[in-house]
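*Asks:* Structure below; questions to follow.
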Amino acid sequence: MASFLQLLVSGLATGAIYALVAVGFSLLWQTSQTINFAQGEFVMVPAFFVLVAMHALGLPFWASAIVGIAAAALVLGLLFKRIIVDQMLRHGVLPLVVSTIALSLFMREAVKDFYSSQAQPFPSLVADRDISLFGVVFSAQSLALLVVAVAIVAALHVFLQHTRFGRMMQATAQNPTVARILGIDVERMILTTFLVNAVLCAIASILISPIYLAKFTNGETLGLAAFVAAIIGGFNQARGAMAGGILLGVLDNLCAAYMSAQYRSAVPLILLVLFILFRPQGLMGRVEERTV
């Protein structure tokens, strides 16, 4: 039982990270029909922004984290939208998809060539020690990651559901034309979505890099997991993406422990196939009908 609880907490922590990144996937799709296949690299790169701020500028970790989040918002939010999305989306979704795949390859190789091809240690939010709760020993790092990630997910849910700005973002996502008629600045809402996605990716990067280390290959695993989480939760619902991320993280950990770690990478793909076959709209997604 103790082992199961440890795995559950670890899975929830990992799932919360997947949820942060999956929500970004969902928001970008809803507001601008953007499928960002560089999302995994968007999680990988901010860790290196933080390391550059620490080593090149000599800043402490928390100041470097703020610099990393700000740099992510500028490069992965504003510049990504202005330089790539705005230019390619006018030609259709497919050219944009190809562009984001090319961007992911470019970012991966750029980090490897200009920083390091070796995994880099990354500062943890808390000291790496064990904490005993009700007779069960947990990693302090996993608990801290879980608390912070769940707090961010909860804050994002409150922002989207219970604030005027969040409701305007959702209105833009559901129907941009009607949103314009109601006087909502749609372009501003879309830009805000890109900035929110970049910040979420940067936070996920800072949370998960102490465990996975900062390395240029991190985006491959995280991008796939977040994409699958968004689909199984419901690509057109942010709360579905949250649920999908947490579910995937828990199942991933439990399958690795009780079945085989060798097949761990197959879990997201199996879930993806099952949901596409039997529930393509996802756990909480809504069925969309289009006239052809």
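No value in this document is a laboratory result; all are computed from the given coordinates. Here the structure is a predicted model, which means the values were calculated and not measured. FYI the Cβ positions are ideal-geometry reconstructions off the backbone, even for glycines, and counts take in every protein chain you see.
*Asks:* R0 = 30 Å: FRET efficiency of residue 79 with residue 270, Cβ-based, nearest 0.05? Don't jump to the answer; show the numbers that get you there.
*Replies:* Details: r = 36 Å, r/R0 = 1.21.
With R0 = 30 Å, the Cβ-Cβ based efficiency is 0.25.
*Asks:* Taking amide hydrogens as modeled 1.01 Å from N in the peptide plane, which residues meet the under 5 Å criterion relative to residue 120, leaving out close sequence neighbours?
*Replies:* Result for residue 120 returns 214, 215.
*Asks:* Right, something else. Rounded to the nearest 500, what is the 222 nm mean residue ellipticity of the chain from helices alone, with -39500 (n - 2.57) per DSSP H run of 4+ residues and division by all residues? Each step should come with its number before you reach the end.
*Replies:* Working: 12 runs with 203 residues, N = 292.
It comes out at -23500 deg cm²/dmol, rounded to the nearest 500.
*Asks:* Can you find, among 118, 204, 177, the residue farthest towards the positive end of the dipole of the chain? Put +1 on the C-beta of Lys and Arg, -1 on that of Asp and Glu.
*Replies:* My answer, from the dipole projection, is 177.
*Asks:* Let me ask something else. What are the ³J(HN,Hα) values, in whole Hz, obtained from phi via the Karplus relation 6.51 cos²θ - 1.76 cosθ + 1.60 with θ = phi - 60°, for each residue of the range 56-67 in sequence order, with x given for Gly and Pro?
*Replies:* 7, 9, x, 7, x, 4, 5, 5, 5, 4, 5, 4
*Asks:* Just want the ordering: 10, 124, from fewest to most Cβ atoms lying within 10 Å of their own Cβ. Before the final figure, lay out each step's value.
*Replies:* Working: 10 25, 124 16.
By the 10 Å Cβ count, ascending, the order reads 124, 10.
*Asks:* Suppose every Lys and Arg Cβ carries +1 and every Asp and Glu Cβ carries -1, with no other charges. What dipole size does the chain come out with about its Cα centre, to the nearest 20 debye? Numbers along the way, then the final one.
*Replies:* Values: 16 positive and 12 negative charges, 101 e Å.
So the magnitude is around 480 debye.
*Asks:* So for the range 2-278, averaging the separation of alpha carbon pairs under 8 Å that are six or more residues apart and normalising by length, what relative contact order in percent results? All intermediate terms of the calculation are to be shown ahead of the outcome.
*Replies:* Values: 435 pairs, mean separation 108.7, N = 277.
This gives 39 percent for the range 2-278.
*Asks:* Using the count of nearby Cβ atoms within 10 Å as a rough guide to exposure, how do 157, 55 rank from fewest to most?
*Replies:* Numbers: 157 15, 55 11.
Lowest to highest Cβ neighbour count: 55, 157.
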